[in-house]
Amino acid sequence: MACAPFILDGGISTELEERGFQIQGDPLWSARILYTNPNAVKDVHYSFLQCGSDILTTATYQASIEGFTKYLGLKPEEAEELLMSGVRVARESITDFMANGLTADRKVPSVAGSVGPYGAFLHDGSEYTGVYASSMSVEELKNWHRPQIHSLVAAGVDLLALETIPSLKEAEALVELLREFPDAKAWLSFSCKDAQSISDGNKFAKAVQVASNSSQLVAVGVNCSPPALVTPLLESAKSYKAPEMSWVVYPNSGEDWDPSTGWRTQHRIPFTELSVEWKEQGALWIGGCCRISPADIAQLKSRLTETQKSQI
């Protein structure tokens with residue numbers, strides 16, 4: 001029988017928005033709420049745990065030392081402490097959840113430290129184009145990401161979520177940088193523009209090749225992209241993935257996002273049935289991204305559990 005997938009969480013920022021917090025238009029997104037109301041972030045984490053998540057992703061996607069000093073007026077050491085607090089808040093949620101005991105079908109929850117692309121700091125939608133990478137060197141990208149990764153590793157994350165990466169060059173930088181933290185494990189996931197390509201136009205298969213060069217990556221895959229793209233993307237790159245590496249998949253709801261106006265409410269694409277295909281393709285890490293709620297994760301957990309039982 002195949003291993004049961006790790007169930008990831010969903011969109012922390014969009015869930016905070018549902019609870020009345022102003023996220024859209026803020027250059028720090030949910031990372032600001034870590035500063036202003038960490039208990040609200042903790043509550044969102046807890047909701048995902050209640051609905052079946054095995055992995056909590058920290059609210060640090062938009063967090064950076066430079067961003068916290070620029071937008072919150074913090075000193076660098078204070079900014080580092082705030083970034084590290086994202087791990088602590090997630091860990092506290094797990095402690096509270098486990099106080100009631102785990103059922104037989106639950107894994108002990110883990111914390112993945114979210115590391116967003118440089119484009120997330122730019123706050124101009126370029127994490128979905130990767131256009132900035134053409135004017136930056138690999139070393140410049142490594143220098144940008146280093147303080148964030150250092151803080152998350154120092155805070156004791158179980159693994160790093162290098163996520164929504166739009167460009168091949170930034171992926172290369174992250175793979176190189178990861179070697180500076182030899183005890184760290186991570187997954188690397190890309191934002192993708194179509195069924196063959198990551199956001200900067202390079203083939204997803206080529207991006208998977210870059211990831212497969214790292215022994216520290218446990219998984220490579222796709223996030224914050226429409227669910228309908230996932231199956232063909234994985235199919236396009238299956239021969240390029242290292243055998244010991246799994247797929248990680250956590251798409252958004254399939255709705256469109258505009259940098260100036262936010263999410264355009266429209267028909268959502270149910271991804272619970274598609275998740276069975278992803279599992280059959282070898283995805284061991286499955287969840288959701290923007291606009292995926294705790295209730296959606298509960299449905300995902302139920303569907304994958306049903307599939308797992310049918311294979312016994």
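The values are calculated or read from the model by the stated rules, or taken from the named source; none is laboratory data. Nothing here was measured: the structure is a model prediction, and the numbers come from that model. We place every Cβ from the backbone using ideal geometry, glycine too, and count neighbours over all the protein chains shown. Each accessible area value is taken on the protein alone, full model and side chains, heavy atoms only, with ligands, DNA and RNA left out. Shrake-Rupley method; radii C 1.70, N 1.55, O 1.52, S 1.80 Å.
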| query | Can you name the number of the only condition in (1) part of a loop (DSSP other than H, G, I, E, B); (2) surrounded by fewer than 21 Cβ atoms within 10 Å (Cβ to Cβ); (3) among the aromatic types (Phe, Trp, Tyr) that TYR46 fails? | reply | (1)
| Has the range 181-202 got any residue that is open to solvent by 30 Å² or more (accessible area, probe 1.4 Å), in a helix (DSSP H, G or I) and touching a residue at least 12 places away in the same chain (Cβ under 8 Å)? | no
| remark: Note on TYR250: of the conditions (1) modelled with pLDDT of 95 or more; (2) surrounded by fewer than 21 Cβ atoms within 10 Å (Cβ to Cβ); (3) of a type in the set (Ser, Thr, Tyr), unmet is (2)
| task | May I ask you to say which residue of ALA63, ALA40, ALA59 is in a helix (DSSP H, G or I) and modelled with pLDDT of 95 or more? | result | ALA40
| request: Would you check which residues across the range 106-161 are in a loop (DSSP other than H, G, I, E, B) and closer than 26 Å to HIS45 by Cβ and list them? | output: ARG106, LYS107, VAL108, PRO109, GLY116, PRO117, HIS123, ALA155, GLY156, VAL157, ASP158
| remark: ALA154 meets each of (1) aliphatic (A, V, I, L, M); (2) surrounded by 20 or more Cβ atoms within 10 Å (Cβ to Cβ); (3) in contact (Cβ under 8 Å) with a residue 60 or more places away in the chain; (4) under 29 Å from ALA79 (Cβ atoms) with one exception, condition (2)
| Does SER137 fit the bill of being open to solvent by 10 Å² or more (accessible area, probe 1.4 Å) and either within 20 Å of ASP124 (Cβ to Cβ) or without any contact (Cβ under 8 Å) to a residue 24 or more places away in the chain (or both)? | yes
| query | Which residues, counting only those in the range 203-228, are assigned to a strand (DSSP E or B) and among the basic types (Lys, Arg)? | reply | LYS203
| query | Quick one: how many residues across the range 1-42 are out of contact with any helix residue (DSSP H, G or I) (no Cβ under 8 Å at 6 or more places or on another chain) and of a type in the set (Asp, Glu)? | reply | 2
| query | Restricting the search to the range 203-224, which residues are in contact (Cβ under 8 Å) with a residue 60 or more places away in the chain and buried (at least 24 other Cβ atoms within 10 Å of the Cβ)? | reply | GLY221, ASN223, CYS224
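Does ASN100 satisfy the criteria of being open to solvent by 60 Å² or more (accessible area, probe 1.4 Å), among the polar types (S, T, N, Q) and assigned to a helix (DSSP H, G or I)?
No; evaluated as a whole, the condition is false for this residue.
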